[in-house]
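Since every read-out is calculated from the coordinates, none of them should be taken as a lab result. Just so we're clear, the structure is a prediction, and the values are computed from it rather than from any experiment. No Cβ is skipped: glycine too gets one built from the backbone with ideal geometry, and neighbour counts run over all protein chains shown.
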Amino acid sequence: MIGKVRPTVGTGDLELVLRRLERIASHPREELEDEETVDLLSVLQYRLHSAGELAAGQVSADEEWTQHELAAALADARDATADVAEAASQGGAEAAAALVPEWRGALFRVRLAQMRMAKQPRRLPAVRSQPKRHEERSALFATLLVLAGTFVVTCGAVVGIWPLWAGGLLLVAGGFFVYRP
């Protein structure tokens, strides 16, 4: 059932390894009772190690951080798998059950790193070096309208003339309509 271990692990093989590990982790008490499954964990651990070495290979500068993230996630999954295999071989399925949540988290981290690698890096929109001349004028005019409106509202409040207040409020509102970013 275990078969011969190949020295390298491709992305398809890694997918199969992760599926098998996730199936064991989803039902640890039943799966880890079987001695062949416990032996299989060491083979799967080796395949995670091989995939981690491949992930640490040469990549472009844009992909470097996600590649390192995948390599680190594979190393953590490998170590967690080794811990579960050791606990299962020495103490049985009950002893390994305590390590299963951490193991599942390590496997999830591998999936997350794979997902991040699959996405293309988002490019930021080009930033204009200088605003257009008419935008500068409308921003200045809007600022002047708001300042003048504030002054008129204040004067209307001090003198007590409500139409002056309303005129000041119209000037402030006009400033919002003049400039739209």
Revision key, fill the gap. 1/(1 + (r/R0)^6) with r = Cβ-Cβ of Arg29 and Ala82, R0 = 22 Å, i.e. FRET efficiency to nearest 0.05, evaluates to 0.65
Point to revise | Where labels lie 7 Å past Cα in the beta-carbon direction, separation of Met115 and Ala139 in nm | key: 3.9
**Study point:** Whole-Hz ³J(HN,Hα) from phi, Karplus 6.51 cos²θ - 1.76 cosθ + 1.60, for region 79-93, glycine and proline x
**Key:** 5, 5, 5, 5, 5, 5, 5, 5, 5, 5, 6, 8, x, x, 5
**Study point:** Phi-based couplings in Hz for region 29-36 (Karplus 6.51, -1.76, 1.60; Gly and Pro marked x)
**Key:** 5, 6, 5, 7, 6, 7, 5, 5
